[in-house]
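Structure below; questions to follow.
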Amino acid sequence: MSFVKVMIHAVWGTKNREPYLMNAVRQKIIQHIKDNAKSKQIYIDTINGHNDHLHCLFGLNADMSISKVMQLIKGESAFWVNKEEIIKTKFEWADEYFAVSVSESMIDKVRVYINNQEEHHKKITFAQEYENFIKQYNFNIHG
């Protein structure tokens, strides 16, 4: 048996950063993502977000890639939102996402950060947060 513990902090937004994820809708989508992930053996540690994006701390198992997890979470949840008509217009996630590994020593800090999204976004927009992530983790977004 393989023992694998790789924690990933992923962030993804709604298409065109539309503010579709108001409180009740966001909670419904988050609950669905949790239920769906559990059924697919994806371990979600913490998930939360704001009006136009979600943050998720999840564990990778030995036979799943980040892209596969994101496809299962984003693709399936968008399909479900549209099928159940949770939002009255066509719902889509943005194509891109942000994902970084989280060391054991930083897991609690990331959990607090994810759980405090309401407070956090009183001070900073998702666009600003996204730019900060790009800089903080030295992503080369221009090729």
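Values in this text are rule-based calculations from the coordinates and carry no lab data. On a predicted model such as this, the values are computed, not experimentally measured, just so you know. Here the Cβ is made from the backbone with ideal geometry for all residues, glycine too, and neighbour counts use every protein chain on show.
Suppose the chain between K135 and M22 were pulled fully straight at 0.36 nm per residue; how much longer would it get relative to their current alpha carbon spacing? Each step should come with its number before you reach the end.
Working: separation 113, 0.36 × 113 = 40.68 nm, distance 2.78 nm.
The K135-M22 span can extend by a further 37.9 nm.
Right, next: GNM, the chain, Cα, under 10 Å: largest mean-square fluctuation among K40, K28, K15?
K40
To the nearest whole percent, what portion of all C-alpha pairs in the chain is separated by more than 20 angstrom? Could you put the intermediate results ahead of the total?
Numbers: 4692 of 10153 pairs.
Roughly 46 percent, rounded to a whole number.
May I ask you to give the average projected area over all directions of the convex hull of the Cα atoms of the stretch 60-143, in nm² rounded to one decimal?
Details: hull surface 31.7 nm².
That works out to 7.9 nm², a quarter of the Cα hull's surface.
Under the 0.36 nm per residue contour assumption, what length would be gained going from the current alpha-carbon distance of V6 and D95 to full extension? Walk me through the intermediate numbers first.
Working: separation 89, 0.36 × 89 = 32.04 nm, distance 2.33 nm.
Roughly 29.7 nm would be gained on extension.
Compute the distance in nm between two label points, each set 7 Å from the Cα along the Cα-to-Cβ direction, one at E76 and one at Q41.
About 1.3 nm separates the two model spin labels.
Identify, among N48, I30, I73, the residue whose Cα sits farthest towards the positive end of the charge dipole of the chain, taking +1 on the Cβ of Lys and Arg and -1 on the Cβ of Asp and Glu, with the dipole about the Cα centre.
Sorting the options by dipole projection puts first I30.
Hey, another quick one. Work out the charge dipole of the stretch 1-111 with +1 on the Cβ of Lys and Arg and -1 on the Cβ of Asp and Glu about the Cα centre, then indicate which of S2, G13, S39 is farthest towards its positive end.
Of the options given, the answer is S39.
Still on this model: So if I place +1 on the C-beta of Lys and Arg and -1 on the C-beta of Asp and Glu, and nothing else carries charge, what would the dipole magnitude of the chain be about its Cα centre? I want it in debye, nearest 20.
Details: 18 positive and 17 negative charges, 29 e Å.
Dipole size: approximately 140 debye.
Next up: Starting from 0.36 nm per residue, how many nanometres of slack lie between H32 and E85 once their C-alpha separation is accounted for?
Details: separation 53, 0.36 × 53 = 19.08 nm, distance 1.35 nm.
Result: 17.7 nm gained on full extension.
Please state the Cα pair-distance histogram of the stretch 27-96 with 10 angstrom bins from zero: what percent is in each bin?
18, 58, 22, 2
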